[in-house]
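Report on one structure; see the data block that follows.
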Amino acid sequence: MASNDLILSMGSAFRGSMDIIREGMAKKEKQSTLALSILIHVERQPGVSQGMLGKILRRDPMTMSQAVRALQSAGLISSQPDQEDRRIKRLTVTKKGKVLGQAMSQGEGKLLGALSRNWGKARINQFTKDLAEYNQFLTEQAS
């Protein structure tokens, strides 16, 4: 595999994973891959700022604002101004968003269960470690 194939393969793998997770959702619940990524992160880090989430997901402020507005319109997340700096928006998942999050978690569980049966726990743990290191490398490169 050529080195530039790594980045293409990683992007394809992420989109493929999200597509499989989305398949288990009702049609009316389906959201964009970015929207689902936002929902996952907000559920795992309640109160995260929209700006910090943009940095984590490596998205520009305009793209994040549009995606957050779409999630708010769908009733999946809410936004409150930070108590100290009213310009900062703090995001939380709504009850409706938590229901969707549970559906996503079930899809993730099925996918990871199948991968675990195929690869084994040790290989998955090493892959997870490698991806975390790669993500840290990207963060350092962006600074």
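Bear in mind that the values in this text are calculations on the coordinates, not laboratory data. As the structure is a computational prediction, the values presented were derived from the model and not from experiment. Ideal geometry is used to build each Cβ from the backbone, glycine not excepted, and the neighbour counts take in all protein chains shown.
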*asked:* Can you give me the angle between helix 95-119 and the longest principal axis of the chain, using Cα atoms only, in degrees from 0 to 90, rounded to the nearest 10?
replied: 10
*segment 1-89: which trypsin sites (Lys or Arg not before Pro) are DSSP loop and have at most 11 other beta-carbon atoms within 10 angstrom?*
58, 86, 87
*Would you count, across segment 17-118, every pair of lysines whose alpha carbons are under 16 angstrom apart, provided the pair is eight or more residues apart or spans two chains?*
6
*Roughly what angle does helix 61-73 make with the longest principal axis of the chain, taking Cα atoms, 0 to 90 degrees, to the nearest 10?*
70
*Is it possible to state the helix-based mean residue ellipticity at 222 nm for the chain, with each DSSP H run of 4+ residues giving -39500 (n - 2.57), the sum divided by total residues, to the nearest 500 deg cm²/dmol? What is it?*
-23500 deg cm²/dmol
*Taking the Cα atoms of segment 1-83, what is the range of coordinates along each of the three principal axes, in descending order and whole Å?*
50, 30, 22
*Lys and Arg at +1, Asp and Glu at -1: add these up for the other residues within a Cβ distance under 14 Å of residue 48 and post the number.*
+3
*asked:* Quick check: the angle from helix 121-142's long axis to the longest principal axis of the chain, C-alpha only, nearest 10 degrees?
replied: 50
*When a/c is below 1.5 the answer is rounded, else prolate if a/b is larger than b/c, else oblate, so apply that to the chain with a ≥ b ≥ c taken from the square roots of the Cα gyration tensor eigenvalues.*
oblate
